[in-house]
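Asker: Handing you a structure now.
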Amino acid sequence: ADFDAKKKKKVAEIYQALNSDPIDVATLRRMAISEGGLLTDEIRCKVWPKLLSVNTDDLPPLPAGKELREDNKDYQQVLLDVRRSLRRFPPGMPDDQREGLQEELIDIILHVLKRNPQLHYYQGYHDIVVTFLLVVGDRLATALVEKLSTHHLRDFMDPTMDNTKHILNYLMPIIDQVNPEVHDFMQSAEVGTIFALSWLITWFGHVLSDFRHVVRLYDFFLACHPLMPIYFAAVIVLHREQEVLDCECDMASVHHLLSQIPQDLPYESLISKAGDLFVQFPPSELAKEAAQAAQAERTAASTFKDFELASVQQRPDTVLRQRFRDRLRGEERLRGEERTKSILTKPRTNRFVKLAVMGLTVALGAAALAVVKSALEWAPKFELQIFP
């Protein structure tokens, strides 16, 4: 009964925020983040557009599917992905209803891509779109997904994976801040961050089997900074600390363990934890470590480039000179990294004290406010020089 009373109170607060003039978006964000999220799909239809500042009064009509499909370079791939998306529809939904929704799904995706030629389709995008389609229907889904694709998801829709990799590079620094032991174990296992790729680019839609959990996370992510999904990914890894540390310390075992996401996660406490971590270690503070992770990755990439160059140029002397220059640079960088390492490893003890204190003081209310204040227009563009 207590839960019902709390729920009623929350519904009332949400409607009050929706009906105030101007609409109280800060409260709506807080409601989307705090326990239980937005509660019902009916409320989501009203609040999600406000969180993305999409005007629902004049939604454009959807074009007919046929003209969209005729000469669309992405059509075949989208079709394949959507056909494979059976398990993203509620079990027990009649086939013809599901097939109708799958057609709508294809049209929404092609429509957004056609109107935004700068966006590139990626596998997994349909997992995000289907979530919107099932909650708000096709017309509103199209408007929300278009806004989302040019904002939160923008980095996944570049022609290359560079910016997506860049976001994945935030994962290990977050884990390191909270649990150096897990971080070091994962580093020794050389597991990398690819296990979290499908989580990130589908906002967990692809990996969670219970739709209720997916929409609860979408409430949270839509109300937050675009990097929040990577904080949530870190929180899942940290939640599984014991399993990770008990695992064989090799890449295959740890990757296998982490990519199997448990379905019974304590979502509310993980959401709250992710909010806290965002406040304690905002992206701006982690950017430097993420950049170092990118540097380290690039050494592998650049040696491969050497190899490619060698096969193209077939002029051994130019290749050798280039290699020698690279090696000198590499040695300089390593010396720099040693310096940073010694700086980074010292302040651990005091950090734990700070964590304990902050853990007590940072309730999610504060996190929600900080998240609201941090600009939603974020993109890792300021770091672009990492990817020459």
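The values are calculated or read from the model by the stated rules, or taken from the named source; none is laboratory data. Note that the coordinates shown come from a computational prediction; the quantities given were computed from them, not determined experimentally. Every residue, glycine as well, gets a Cβ built from its backbone with ideal geometry; the counts of neighbours run over all protein chains shown. The area values use the complete protein model at the heavy-atom level, side chains included, leaving out ligands, DNA and RNA. Shrake-Rupley method; radii C 1.70, N 1.55, O 1.52, S 1.80 Å.
Asker: Could you say which residue among ALA189, ALA196 is in contact with a Cys (Cβ under 8 Å, 6 or more places away or on another chain), in the same structural domain as PHE232 (by the TED database) and open to solvent by less than 30 Å² (accessible area, probe 1.4 Å)?
Answerer: ALA189
Asker: Now, a different point. Could you grab the pairs with beta carbons closer than 6 Å, sequence gap of 6+ or different chains, first residue in region 214-227 and of a type in the set (D, E, K, R), second one crowded, with 23+ Cβ neighbours inside 10 Å?
Answerer: ARG216/GLY37; ASP219/ALA32; ASP219/GLY37; ASP219/LEU38
Asker: To continue, here is another question. Using beta carbons and a limit of 9 Å, which pairs, at least six apart or on different chains, have the first residue in region 145-165 and free of Cβ contacts under 8 Å to residues at least 12 places away in the same chain and the second one outside any helix (DSSP H, G or I) and hydroxyl-bearing (Ser, Thr, Tyr)?
Answerer: Short answer, once both residue conditions are applied: MET161/TYR122.
Asker: May I pose another question? What number goes with the only condition from (1) at pLDDT below 85; (2) farther than 17 Å from VAL112 by Cβ; (3) charged (D, E, K, R) that ARG69 does not pass?
Answerer: (2)
Asker: Determine the pairs where a residue that is open to solvent by 40 Å² or more (accessible area, probe 1.4 Å), located within region 259-279, has a partner that is part of a loop (DSSP other than H, G, I, E, B) with Cβ atoms under 7 Å apart, the partner being 6 or more residues away or on another chain.
Answerer: If the second residue must be part of a loop (DSSP other than H, G, I, E, B), the pairs left are GLN263/LEU208; GLN263/SER209; GLN263/ASP210; GLU268/GLU35; VAL279/VAL362.
Asker: May I ask you to list the residues in region 216-250 that are of a type in the set (A, V, I, L, M, F, W, C), assigned to a helix (DSSP H, G or I) and open to solvent by 10 Å² or more (accessible area, probe 1.4 Å)?
Answerer: LEU238, LEU245
Asker: Let me spell it out: the conditions are (1) open to solvent by 40 Å² or more (accessible area, probe 1.4 Å); (2) assigned to a helix (DSSP H, G or I), and SER253 meets all of them except one. Which number is the exception?
Answerer: Only one criterion in (1) open to solvent by 40 Å² or more (accessible area, probe 1.4 Å); (2) assigned to a helix (DSSP H, G or I) is unmet by SER253, namely (1).
Asker: Return only the number of the condition from (1) among the hydrophobic types (A, V, I, L, M, F, W, C); (2) over 30 Å from LEU257 (Cα atoms); (3) open to solvent by 30 Å² or more (accessible area, probe 1.4 Å) that LEU105 does not satisfy.
Answerer: (3)
Asker: Further question on the same structure: Can you confirm whether VAL78 is open to solvent by less than 40 Å² (accessible area, probe 1.4 Å), closer than 30 Å to ASP210 by Cα and outside any helix (DSSP H, G or I)?
Answerer: So VAL78 does not fit the description; no.
Asker: Tell me which residues, restricted to region 35-52, are outside any helix (DSSP H, G or I) and open to solvent by 90 Å² or more (accessible area, probe 1.4 Å).
Answerer: GLU35
Asker: Between LEU52, LEU79, which is over 30 Å from PRO266 (Cα atoms) and either modelled with pLDDT of 90 or more or among the β-branched types (Val, Ile, Thr) (or both)?
Answerer: The unique qualifying residue is LEU79.
Asker: Now for a separate question. Any residue in region 55-62 that is out of contact with any strand residue (DSSP E or B) (no Cβ under 6 Å at 6 or more places or on another chain), surrounded by fewer than 18 Cβ atoms within 10 Å (Cβ to Cβ), farther than 30 Å from GLU268 by Cβ and charged (D, E, K, R)?
Answerer: Checking region 55-62: at least one residue is out of contact with any strand residue (DSSP E or B) (no Cβ under 6 Å at 6 or more places or on another chain), surrounded by fewer than 18 Cβ atoms within 10 Å (Cβ to Cβ), farther than 30 Å from GLU268 by Cβ and charged (D, E, K, R).
Asker: Return yes or no: is ALA1 open to solvent by 20 Å² or more (accessible area, probe 1.4 Å) and out of contact with any Cys (no Cβ under 7 Å at 6 or more places or on another chain)?
Answerer: When the stated conditions are applied, ALA1 passes them.
Asker: Follow-up question, since we're still on this one. Counting just the residues of region 187-209 that are under 22 Å from CYS249 (Cβ atoms) and outside any helix (DSSP H, G or I), which one comes out farthest from the chain's Cα centre (by Cα)?
Answerer: GLU190
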